[in-house]
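Structure first, commentary second.
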Ligand SMILES: Cc1ncc(COP(=O)(O)O)c(C=O)c1O
């Protein structure tokens, strides 16, 4: 190895200091993202001390409630870790089976279809296409829908929805911050208010059902800030689409596999999709796995006969991903994590509601389903008092960032919400022990007690930090 290069052994043996790690990561990676979190004191690098707790470079432990809902068991969960060690030691199947058969891929797709058909018998013969991220799973879903309805060039999505940031999913993620630079996006996207079945019916009538390939919907909007649709909305959406022959794509990348206290949230809400996307937890918090599951006749339209290579990727279905996916699904089922998420999450939501009622000037609203929990911070400055839209948005973003910092200072590592600036989400591991889950809620309560209003959060933030954040924001 040339001396200028870093050896993998150096990293394994922790020879890089935290300062060096941050510097190197900024030097050759997404510098400004890391600078932004560094200003807030959130850049780490963090290490896992237990599957559910992280330690920062100063040795401070925090409860892990971040990970953007992709770490269902936390970090280094023993059952998954020992399985992967055994896999690497014993497996003799090809790592990248690609166009040849694979027992790992076969087993995972079989189990996924099996679980799906227990919920919806009509999915008995559905098929799975594997990919490497949520965005790619959405890409596949839309291509399946378009191939199945080739004359229908329109798609319906919903305000505040989030489906990823590669180009096609970005076209369906109606957030100007992410979309504006890239217009024109995919044409024919009709964005409707989330939760309004009447508007959906009107739009279909106006555009014509034969011109609409699919409706893409999250059964609970995750990055939108954990927005639960009004009761009956998804059932109505399903009925409307069926009546008009429009396909339904349920994006369960964030909600699926137990996060919301149900195996699949769409099923719990009475929606039967034609195409389903999964990702995040399927990779066990360890490897990227995306899955697009479609009814057989839809699958065939895109990937039938000589066209079976029409949509493909190099790494989808690889052995490590499939084996981890298979084991993750097994852990979720065997450990009863769906029910656990339901019960603990219900308790968590009640505690957060109490905290909200005690400190409404700090936490304006809480929302949640299972272990997908959200705290919406109150505006620090009333939006009415800010005449300019951009400044209103910056102010919302600021309070979200400071809210994240306040939780961090109180010992809880949480998530931002990419399409809801003032909302911070708690997405702890579904395996988190009850006492730690309780301690996490206590710490949120202590944070609200220490900062009883958003104005106080702002007032108590060091001026130097606010100045650095402002400078950072203006640089962009
Ligand atoms: C509902 C939903 N769909 C799609 C995505 C995109 O997934 P990825 O970040 O793996 O591309 C996300 C990510 O947060 C998501 O929450």
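Worth a mention:
- Qualifying residue in region 158-169 (condition: farther than 16 Å from residue 217 by Cβ, free of Cβ contacts under 8 Å to residues at least 40 places away in the same chain, assigned by TED's automatic domain parsing to the domain that holds residue 198 and within 11 Å of the ligand (Cβ to nearest atom)): yes
- Among the residues of region 243-262, those that are away from the ligand (no atom under 16 Å from the Cβ), under 27 Å from residue 301 (Cβ atoms) and either part of a loop (DSSP other than H, G, I, E, B) or in contact with a strand residue (DSSP E or B) (Cβ under 8 Å, 6 or more places away or on another chain) (or both) comprise 244, 245, 246, 247.
- Residue within region 209-220 that is more than 16 Å from the ligand (Cβ to nearest atom), without any contact (Cβ under 8 Å) to a residue 12 or more places away in the chain, over 14 Å from the mean Cα position of the chain (by Cα) and surrounded by fewer than 20 Cβ atoms within 10 Å (Cβ to Cβ) present: no
- Among (1) out of contact with any helix residue (DSSP H, G or I) (no Cβ under 6 Å at 6 or more places or on another chain); (2) within 12 Å of the ligand (Cβ to nearest atom); (3) assigned to a loop (DSSP other than H, G, I, E, B) - the single one residue 312 does not satisfy: (2)
- Residue match in region 99-122 (condition: buried (at least 18 other Cβ atoms within 10 Å of the Cβ), within 16 Å of the ligand (Cβ to nearest atom), more than 30 Å from residue 421 (Cα to Cα) and in the same structural domain as residue 263 (by TED's automatic domain parsing)): no
- If you filter region 279-309 down to residues that are part of a helix (DSSP H, G or I) and within 16 Å of the ligand (Cβ to nearest atom), you find that the one that is farthest from residue 237 (Cα to Cα) is 283.
- Total residues in region 123-161 satisfying the condition of being in contact with a helix residue (DSSP H, G or I) (Cβ under 7 Å, 6 or more places away or on another chain) and crowded, with 17+ Cβ neighbours inside 10 Å: the figure is 20.
- Single match in 145, 213 (criterion: part of a helix (DSSP H, G or I) and touching a strand residue (DSSP E or B) at 6+ places or on another chain (Cβ under 8 Å)): 145
- Residues of region 21-56 classified as part of a loop (DSSP other than H, G, I, E, B) and over 30 Å from residue 79 (Cα atoms), total: 4
- Some residue of region 144-151 being at pLDDT 95 or above and within 12 Å of the ligand (Cβ to nearest atom): no
- Test result for residue 276, assigned to a loop (DSSP other than H, G, I, E, B) and either surrounded by 21 or more Cβ atoms within 10 Å (Cβ to Cβ) or free of Cβ contacts under 8 Å to residues at least 60 places away in the same chain (or both): no
- Residues satisfying the stated conditions in region 112-142, i.e. within 21 Å of residue 313 (Cβ to Cβ) and in a helix (DSSP H, G or I): 112, 113, 134, 135, 136, 137, 138, 139, 140, 141, 142
- If you go through region 130-142 and pick out every residue that is within 9 Å of the ligand (Cβ to nearest atom) and touching a strand residue (DSSP E or B) at 6+ places or on another chain (Cβ under 7 Å), you end up with 6.
- Residue satisfying all of: in region 406-456; in a loop (DSSP other than H, G, I, E, B) and surrounded by fewer than 17 Cβ atoms within 10 Å (Cβ to Cβ); nearest to the ligand (Cβ to nearest atom) among these: 433
The values are calculated or read from the model by the stated rules, or taken from the named source; none is laboratory data. The structure displayed is predicted, hence computed values, not measured ones. When we count neighbours, we look across all protein chains shown, and the Cβ atoms used for this are built from the backbone with ideal geometry, even at glycine.
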